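> Okay, here's the structure, questions in a sec.
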Amino acid sequence: MENQKVDIQENDILAMSPELLNTLLKDHTLSTENKQVNIFWGTDNYADRGPGFQYSDPSLLKL
């Protein structure tokens, strides 16, 4: 099998199903029935984009 790269386009997922993207952003280990906690960026690669894109900021659907 060849080593192939896959580039997932989050905008395509958002257009197809916002609910699916919201589920993919959910931190299933910290969320409860009454409160959703999203995964955090976990990298400084997007920090230059400003607030909301810092290492420990949650990944939000609107971003």
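The values are calculated or read from the model by the stated rules, or taken from the named source; none is laboratory data. No experiment lies behind these values; they were computed from the predicted model shown. All Cβ positions, glycine included, derive from the backbone under ideal geometry; neighbour counts span all protein chains shown. In case anyone asks, the SASA skips ligands and DNA or RNA and just uses the protein heavy atoms, side chains included. Shrake-Rupley method; radii C 1.70, N 1.55, O 1.52, S 1.80 Å.
> Of all accessible surface on the chain at a 1.4 Å probe, what whole percent is carbon and sulfur?
The nonpolar share, carbon plus sulfur, comes to 51 percent.
> What list of ³J(HN,Hα) couplings, whole Hz, do you get for the stretch 3-8 from phi and the Karplus terms 6.51, -1.76, 1.60, once you set θ to phi - 60° and write x for glycine and proline?
Ordered by residue, 3J(HN,Hα) equals 7, 10, 9, 10, 10, 7 Hz.
> Moving on to the next point. Out of the GluC sites (Glu not before Pro) in the chain, which ones are loop residues according to DSSP with at most 12 other C-beta atoms within 10 Å?
Glu2, Glu33
> Going by amide H atoms built from the backbone, whose H comes under 5 Å of the H on Asn38, apart from near neighbours?
Long-range HN contacts for Asn38: Asp27.
> Let's test this: bin the Cα-Cα distances of the chain at 10 Å from zero up to the farthest pair and state each bin's percent.
20, 41, 31, 7, 1
> Under the Karplus relation 6.51 cos²θ - 1.76 cosθ + 1.60, θ = phi - 60°, what is the ordered set of whole-Hz ³J(HN,Hα) values for the stretch 22-27, x standing for Gly and Pro?
4, 5, 5, 7, 6, 8
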